[in-house]
Amino acid sequence: MKTFQKRNYRYEQREPVRPKRIKKLNMRKSEEFNYMLGRIVEGLPDSIRGSIMGSVYAIASKKGIREAKDFILKKGEEGLISEDIQKKLTDLVFDYSTYR
């Protein structure tokens with residue numbers, strides 16, 4: 001007959017692995033971010049203004065700040081936005097970011 005040994009589970013439990021924290025848009029300030037974003041892209045034509053605003057907001061809030069910056073730089077290289085707007089957008093994204 002086998003005897004069963006009592007196991008001490010307290011020492012066998014591992015600490016949960018936390019996912020890597022990524023710098024993303026601070027969702028507590030999303031309304032203020034959207035307002036400032038709209039003020040920056042006011043001078044753009046209507047045909048691209050909405051897509052730039054939506055894309056920057058979506059990428060910054062879901063993927064991360066680094067990806068949003070890359071998107072802004074890519075649009076600047078394509079000639080859709082000027083250097084001034086590109087710098088303002090990049091600064092805005094970094095100002096309204098937090099790790100989450």
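Each value in this text was obtained by applying a stated rule to the coordinates, not by laboratory testing. Given the structure is predicted, the values throughout are model-derived calculations rather than measurements. Please note: Cβ atoms are built from the backbone with ideal geometry, for glycine as well, and neighbour counts cover all protein chains shown.
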Can you compute the label reach from ASP46? Point 7 Å from Cα along the Cβ direction, backbone N cut-off under 16 Å, restricted to the stretch 84-99. none
Kindly express, to the nearest 10 degrees and within the range 0 to 90, the angle between helix 30-40's C-alpha long axis and the longest C-alpha principal axis of the chain. 30
For ARG100, what charge total do you get from the other residues with a beta carbon under 10 Å from its beta carbon, if Lys and Arg give +1 and Asp and Glu give -1? +3
Given backbone amide H placed at 1.01 Å from N, residues whose amide H is under 5 Å from that of SER97, ignoring those fewer than 5 places away on the same chain, are ASN26
Between ARG28 and SER82, what length comes free when the chain is fully extended (0.36 nm per residue of separation minus the Cα-Cα distance, one decimal in nm)? 16.5 nm
Viscosity 0.890 mPa s, temperature 25 °C, Stokes-Einstein D of the chain from Kirkwood C-alpha radius, µm²/s: 155
Using a 10 Å cut-off around each Cβ, can you sort GLU32, GLU42 from fewest to most neighbouring Cβ atoms? GLU42, GLU32
How far is helix 65-78 tilted, in degrees, relative to the longest principal axis of the Cα atoms in the chain, given as a value from 0 to 90 rounded to the nearest 10? 30
